[in-house]
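Enquirer: This is the structure I have questions about; it appears just below.
Here, each number is a calculation from the coordinates, and none is a lab measurement. The shown structure was predicted, so the numbers you read here are calculated from the model rather than taken from an experiment. Positions of Cβ are backbone-derived with ideal geometry, glycine not excepted, and every protein chain shown enters the neighbour counts.
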Amino acid sequence: MKERTITLVLACCLAVASVLSLFVGVIDLDLPALLGGDLHQLEIFLISRLPRLLAILCTGVGMSVAGLIMQQLCQNKFVSPTTGATISSAQLGILIALLFLPASTLWSRAVFAFVFAILGTWVFVWFIQRIQFKDAVMVPLVGIMFGNVIGGITSYLSYQFEMTQALSSWLVGHFSLVLKGRYEIVWLVVPLVILAFVFANHFNIVGMGKDFSRNLGVPYNVILFLGLSIAAMITASIVVVVGSISYVGLIVPNVVTMFKGDKLRGTLTDTALFGALFVLICDMIGRVVIFPYELPIELIVGILGSLIFVGLLFYRLRGKKPVRLAAQKGGCCS
Amino acid sequence: MNGIAVRSNHRKLIVMAVLTVLCAVGYLVVEVNFSNPNLVRYAMKLRAPKLLAMLITAFAIGGASLVFQSIINNTIVTPCLLGMNSLYTLIHTAVVFFIGSGSALAVNANLAFAVDVVLMGIVATLLYSYLFRKTNHNVLYVLLVGTVLTSFFGSIQTTLTRVMDPNEYDTLLTSLVAGFNNINNEIIVFSVILLGAIVFFLRKELALLDVLTLGKAQAINLGVDYDRCIRRLLLGVTLAIAVATALVGPISFLGLIIANLSRQLLRTYRHSQLVLGSVLFGTIVLLGGQLIVEHLYTYTVPVSVFITVGGGLYFLYLLLSRKKV
Amino acid sequence: MLQIKNLSKQYDGKTVVHDVSFHIPKGKVISMIGPNGAGKSTVMGILSRLIARDSGLVEFAGKDISHWKSKELSKRLAILTQSNNIQMKLTVRELVTFGRFPYSGGRTTPEDQEIIDRAIAYMELEDFQDRFIDELSGGQRQRAMIAMVIAQDTEYVLLDEPTNNLDIYHATNMMKIVRRLCDELGKTVILVLHEINYAAFYSDYICAFKDGRIAKFGTVEEVMTKETLSEIYNVDFEIMTIQNRPLSIYY
């Protein structure tokens with residue numbers, strides 16, 4: 001019963017915050033005028049405010065679910081789209097699309113981002129599966145260095161073809177350019193998250209290891225790659241529209257599992273709700289702090305996120321038996 | 001004791017040194033017009049400081065990486081994870097953003113170097129000694145926090161660049177990529193003094209490095225005051241990286257490449273040999289990169305990008321070639 | 001000379017070592033046994049300075065070990081743990097040479113070399129001395145580590161589960177070495193063991209742990225009784241006497 005309450009409270013908070021967020025902006029909207037059929041206000045509402053809210057919700061839900069899936073599949077609390085080379089691969093894909101298909105539409109860029117993100121994530125997971133890690137912390141470190149390698153190739157190409165500036169808008173996540181007609185790709189998150197929900201139990205089993213899943217008759221490799229592809233595609237569709245958003249995929253699942261445990265089905269809804277709420281609040285802070293200008297979401301998420309992350313880390317370390325800490329999270333997809 | 005290995009390592013190091021000298025001479029004389037002594041003098045005046053700077057960089061980064069790897073007992077990590085690169089980028093962006101690209105802090109190379117070293121030094125000292133205590137001397141967790149800081153500094157920096165005047169952004173961009181073009185004699189002297197001081201203050205701990213590679217339990221067994229030793233060495237590593245970054249700008253993966261090449265070539269635990277090897281490798285790598293950048297790409301692609309890509313591929317090779325990390 | 005007084009340690013609010021006191025007799029082999037989680041390895045970790053204690057004293061020669069200079073202590077007390085994953089390219093001889101580190105730092109004297117030679121010979125490692133550690137078998141690596149401890153020339157040796165991951169042949173050899181360290185070299189050896197019969201056959205005293213406390217400390221004969229062992233392990237025991245030594249059978 002108590003677990004239901006948490007979910008309900010989260011959903012209520014999210015609903016309230018969403019409505020609030022619709023009425024924060026440079027141009028004041030007010031409810032009576034909107035309902036009274038003020039065309040100008042309705043236009044702003046439909047072209048800018050509503051798409052922005054939907055994009056935020058999709059981003060929050062998508063990034064945190066993607067992070068949760070990756071953490072489950074790899075059995076490592078520190079893996080996420082940022083620390084698992086997914087975001088940097090997606091960025092490389094976008095750059096390649098910009099370079100070789102100069103007339104590319106948003107959709108063709110998205111396709112490139114998808115392909116690269118999936119490939120990058122697969123390769124990363126393949127790497128970390130081959131290696132036995134002495135400490136769970138090594139996995140994200142290797143992932144970050146892996147991401148640096150891909151980022152290095154991206155910056156080589158962008159220097160070579162003088163694309164540094166064009167690329168920078170995909171390096172910082174922001175919602176200010178989300179308008180009707182140019183953000184719909186992010187809706188792909190919805191079917192992908194539903195798919196993730198359907199396969200949640202499978203992901204849980206695969207997370208327990210190859211032998212464990214073979215024993216239960218779950219095709220290990222198929223489910224592993226399916227899960228990673230879903231996570232990568234969610235991430236890529238967000239990177240194409242919004243840009244890179246770090247930390248959400250790392251922190252949100254960690255905070256939620258701290259309260260609710262590791263059963264994927266049970267935590268998926270809460271993770272999605274909490275992720276959406278987190279991004280929404282960050283966005284509102286970004287819009288209010290230097291009103292009427294706005295700060296990019298990446299800055300707010302970056303600052304809040306790193307503080308929370310360091311807090312989590314110290315919380316985990318406090319009074320813990322060091323040996324047990326390493327053993328408990330040790331091994332990755334082994 | 002084990003004389004054959006020691007002697008063959010000496011031979012390898014001598015060969016390396018000769019190669020390095022050859023590369024250095026090659027770098028100094030390539031495409032110089034020797035018929036005109038004025039041109040020769042001009043070329044030397046331009047290139048000699050760069051050569052010195054490469055040597056210093058190779059020493060600071062190579063030495064720091066080796067020490068860092070031995071502290072963590074893992075040869076796959078590099079101290080570029082400590083966040084000094086992104087702090088450097090943030091400092092420079094903030095200077096241009098708040099004071100302007102025409103200000104003395106941005107234009108005067110010596111002043112910029114001093115600001116970098118002081119700020120990075122203070123942040124590194126406060127942050128890492130605090131973190132080290134807070135994490136119960138767990139270096140891996142310190143490192144993880146370091147990567148968090150990297151993206152923390154990064155998100156502030158990218159935000160600043162987005163609101164920045166595009167012209168200012170262009171001037172900023174040139175100072176953010178690593179290179180050996182803004183180096184003068186005073187900066188070189190200053191870096192040598194700083195690095196010398198670091199080595200001097202850590203001379204006792206540096207002598208313990210060979211024992212530290214045996215792991216924590218063995219080091220304690222052999223009478224090493226482990227936590228204090230690690231804390232001081234980690235601080236030294238961060239400061240050395242800060243000096244090198246202030247000198248040439250952010251270079252990731254250089255340390256990883258040269259420390260591991262040195263380990264692969266010499267196959268020893270002796271840090272004196274390993275550091276020497278990595279300095280030689282570092283100089284060769286930097287010289288090679290600089291030659292390619294200057295003569296093949298005519299400065300369109302900065303040297304750090306080559307090192308990141310090359311180092312990245314080497315990193316993947318290292319990952320694939322071992323089973324345990 | 002080595003005395004443990006009122007030692008306690010908690011993890012996450014759970015007490016794993018509870019007010020443990022005992023005196024370690026000199027020149028003997030003392031085995032610590034007990035079920036998993038009984039606290040024996042934690043006590044060993046505290047003795048080895050690898051784990052911080054919450055309260056209590058570990059007195060060595062009248063002075064608490066935390067007041068000793070690390071270097072001085074390492075000339076009198078050697079520690080060998082299981083976490084020996086040496087990454088470096090290190091030959092057996094180089095490893096044994098590290099045993100002289102507390103005395104001469106990085107530079108060895110001819111006298112040190114002599115001690116190293118003797119340690120290698122004692123462990124019959126002459127043929128392997130120029131081989132790299134990571135090329136050796138588990139048993140040989142263990143012997144190389146012991147040779148280092150011998151070169152360290154301490155009065156006390158602490159071994160944390162020395163028979164772990166070794167087959168019967170190598171484990172038995174290991175225990176014989178432990179006995180020789182005591183009988184021939186006069187060292188006091190304190191070790192954590194899982195295998196009760198090794199403890200019974202090769203040690204002088206047994207310290208049995210249960211639930212973070214000492215359940216029984218005494219000579220082998222005193223501890224190796226049906227009642228004591230049954231109570232500690234919650235399994236039925238029978239004691240037999242073979243070669244004048246009590247050995248246990250459990251079912």
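Enquirer: Placing +1 at every Lys and Arg Cβ and -1 at every Asp and Glu Cβ, with all other atoms neutral, what dipole size does segment A:1-102 have around its Cα centre, in debye to the nearest 20?
Expert: Taking the Cα centre of segment A:1-102 as origin, the dipole is about 480 debye.
Enquirer: Which residue, B:Y269, B:Y169, B:Y42, tops the fluctuation ranking in a GNM of chain B built on C-alpha contacts under 10 Å?
Expert: B:Y42
Enquirer: Could you state the angle between the C-alpha long axis of helix A:297-317 and the longest principal axis of the C-alpha atoms of chain A, as a value from 0 to 90 degrees rounded to the nearest 10?
Expert: In chain A, helix A:297-317 runs at an angle near 30 degrees to the longest axis.
Enquirer: At a Förster radius of 30 Å, what calculated FRET efficiency corresponds to the Cβ-Cβ distance of B:D165 and A:L20, to the nearest 0.05?
Expert: It comes out at approximately 0.30.
Enquirer: If we restrict to alpha carbons, what Rg and Dmax does chain C come to, in Å?
Expert: Taking only Cα atoms of chain C, I get Rg and Dmax of 18.4, 56 Å.
Enquirer: Starting from the Kirkwood radius over alpha-carbon pairs of segment C:158-251, derive D by Stokes-Einstein at 37 °C in a medium of 0.692 mPa s and give it in µm² s⁻¹.
Expert: In µm²/s, the coefficient rounds to 236.
Enquirer: Pop the C-beta distance of C:N36 and A:W126 into the FRET formula with R0 = 41 Å and round what comes out to the nearest 0.05.
Expert: It comes to 0.70.
Enquirer: Considering all projection directions equally, how large on average is the shadow of the alpha-carbon convex hull of segment A:230-312, in square nanometres?
Expert: Averaged projected hull area, Cα only: 5.9 nm².
Enquirer: Which whole number gives the average, over all residues in A:132-139, of C-beta atoms from other chains lying within 10 Å of the residue C-beta?
Expert: 5
Enquirer: Also, I was wondering about something else. So what's the back-of-envelope 222 nm ellipticity for the protein assembly as shown, counting only DSSP H runs of four-plus at -39500 (n - 2.57) apiece and dividing by all residues, rounded to 500?
Expert: -20500 deg cm²/dmol
Enquirer: Identify the residues of segment A:221-244 with backbone N under 16 Å of a label point that sits 7 angstrom from the Cα of A:F212 along the Cα-to-Cβ direction, or state none.
Expert: A:221, A:223-224
Enquirer: Give me the percent of Cα-Cα pairs in segment A:1-133 that sit more than 25 Å apart, rounded to a whole number.
Expert: The answer is 52 percent, as a whole percent.
Enquirer: If you don't mind, there's one more thing I want to ask. How many Cβ atoms of partner chains, on average, are near each residue of B:310-316 if near means within 10 Å of its Cβ?
Expert: 4
Enquirer: Roughly how many Å is it from the Cα centre of segment C:120-145 to that of segment C:1-69, as a whole number?
Expert: Taking the Cα centre of each part, segment C:120-145 and segment C:1-69 sit 31 Å apart.
Enquirer: For chain C, take the longest principal axis of its alpha carbons; what is the angle in degrees between that and the long axis of helix C:168-183, to the nearest 10 within 0 to 90?
Expert: With rounding to tens, the tilt is 80 degrees.
Enquirer: While we're on this one: What ranking do B:218-224, C:6-12 get when scored by the average of other Cβ atoms within 10 Å per residue, highest first?
Expert: B:218-224, C:6-12
Enquirer: Turning to a different aspect of this structure: Using a simple spin-label model with points 7 Å from Cα along the Cα→Cβ vector, what separation in nm is obtained for B:V107 and A:M163?
Expert: Computed distance between label sites B:V107 and A:M163 equals 3.7 nm.
Enquirer: If the cut-off is a Cα-Cα distance under 12 Å, which aspartates and glutamates reach C:K210, setting aside same-chain residues fewer than 8 apart in sequence?
Expert: Answer for C:K210, where 12 Å is the Cα cut-off: C:E231, listed by chain and number.
Enquirer: Moving on to the next point. Treat every Asp and Glu Cβ in the protein assembly as shown as -1 and every Lys and Arg Cβ as +1, leave all other atoms uncharged, and give the resulting dipole magnitude about the Cα centre to the nearest 20 debye.
Expert: So the dipole magnitude of the protein assembly as shown works out to roughly 960 debye.
Enquirer: With a point put 7 Å past each Cα toward its Cβ, work out how far C:T172 is from C:K5 in nm, to one decimal.
Expert: Those two pseudo-labels are separated by 4.4 nm.
Enquirer: Oh, and also: Please compute the Kirkwood hydrodynamic radius of segment B:130-218 from all pairs of different C-alpha atoms, in Å with one decimal.
Expert: 17.5
Enquirer: Are there DSSP H segments in chain B that both extend 30 Å or more along their axis (alpha-carbon positions) and score a mean Kyte-Doolittle hydropathy of at least -1.0? List them, or say none.
Expert: Span-like helices, by this rule, are B:3-29, B:37-72, B:109-134, B:139-162, B:226-248.
Enquirer: A further question on this structure: Can you pull the Rg over Rh of segment A:203-278, Cα-only, Kirkwood?
Expert: Expressed as Rg/Rh, it is 1.02.
Enquirer: How large is the direction-averaged shadow of the alpha-carbon convex hull of segment B:1-106, in nm²?
Expert: With every direction weighted equally, the projected area is 11.6 nm².
Enquirer: Another question about this same structure. Report the Stokes-Einstein translational diffusion coefficient (µm² s⁻¹, integer) for chain B, Rh taken as the Kirkwood radius over Cα pairs, at 25 °C with viscosity 0.890 mPa s.
Expert: 119
Enquirer: Per residue, how big is the convex hull of chain A when only Cα atoms are used? Give it in Å³.
Expert: 146
Enquirer: Over the alpha-carbon set of segment B:55-162, work out the extent along each principal axis and list the three values in angstrom, largest first.
Expert: That works out to 45, 32, 22 Å along the principal axes.
Enquirer: How large is the convex hull of the Cα atoms of segment C:47-118 per residue, expressed in Å³ as a whole number?
Expert: Normalising the Cα hull of segment C:47-118 by residue number yields 121 Å³.
Enquirer: While we're here: Round to the nearest 10 and give me the degree value, 0 to 90, for the angle of helix C:138-152's Cα axis relative to the longest principal axis of chain C.
Expert: It is inclined by approximately 80 degrees.
Enquirer: Can I ask one more? Determine, from the Cβ-Cβ distance of A:T7 and A:T105 and an R0 of 41 Å, the FRET efficiency 1/(1 + (r/R0)^6), rounded to the nearest 0.05.
Expert: 0.60
Enquirer: Sorted from largest down, give the three principal axis spans of the alpha carbons of segment A:111-245, whole angstrom values.
Expert: Ordered largest first, segment A:111-245 gives principal extents of 52, 36, 22 Å.
Enquirer: Amide H to amide H, which residues 5 or more places from C:R213 or on other chains are under 5 Å from it, using H placed in the peptide plane?
Expert: Residues meeting the amide H criterion: C:H18.
Enquirer: Now for a different question. For chain B, set up a Gaussian network in which alpha carbons nearer than 10 Å are linked by springs, and say which option among B:L140, B:L172, B:L239 fluctuates the most.
Expert: The residue with the greatest mean-square fluctuation here is B:L140.
Enquirer: Next question, about the same structure. Consider all pairwise Cα distances in segment A:70-184 and report the whole-number % of them above 22 Å.
Expert: The share of Cα pairs beyond 22 Å in segment A:70-184 comes to 38 percent.
Enquirer: Next up: Most mobile of A:A276, A:A200, A:A66 per a Gaussian network model of chain A (Cα springs, under 10 Å)?
Expert: In the Gaussian network model the winner is A:A200.
Enquirer: Same structure again: Within 10 Å of each Cβ of B:203-213, how many other protein chain Cβ atoms are there on average?
Expert: 2
Enquirer: Additional query: What order do you get for C:214-224, C:234-244, A:282-292 when each peptide is scored by the mean count of other beta carbon atoms within 10 Å, highest first?
Expert: Ranked by mean Cβ neighbours within 10 Å, highest first: C:214-224, A:282-292, C:234-244.
Enquirer: List the residues, sorted by chain then number, that are 5 or more residues from C:A78 or on another chain and whose placed amide H is less than 5 Å from its amide H.
Expert: C:Y156, C:V157, C:L158
Enquirer: For the protein assembly as shown, which semi-axes, largest first and in whole Å, follow from the square roots of 5 times the eigenvalues of its Cα gyration tensor?
Expert: 52, 39, 23
Enquirer: Check which residues have an amide H placed less than 5 Å from C:L247's amide H, if you skip close sequence neighbours.
Expert: When sequence neighbours closer than 5 places are left aside, the close amide H contacts are C:M240, C:T241, C:I242.
Enquirer: Separate question: Holding the Cα-Cα limit at 23 Å, pick out from B:K216/C:K14; C:K71/C:K216; B:K134/C:K69; C:K14/C:K69; C:K40/C:K216 the pairs that are longer than that.
Expert: B:K216/C:K14; C:K71/C:K216; B:K134/C:K69; C:K14/C:K69
Enquirer: Based on alpha-carbon atoms only, what is the radius of gyration of segment C:1-101 relative to the globular estimate 2.2 N^0.38 Å?
Expert: 1.21
Enquirer: At what distance in nm do the modelled label points of B:V21 and B:D227 sit from each other, each positioned 7 Å from its Cα along Cα→Cβ?
Expert: Result: 4.9 nm between the two label points.
Enquirer: Per 10 Å bin, what percent of the C-alpha pairs of segment B:247-314 does each bin hold, from zero upward?
Expert: 21, 48, 25, 6, 0
Enquirer: What ranking do C:I116, A:I44 get, fewest neighbouring Cβ atoms within 10 angstrom at the top?
Expert: With the sparsest Cβ surroundings first, the list reads A:I44, C:I116.
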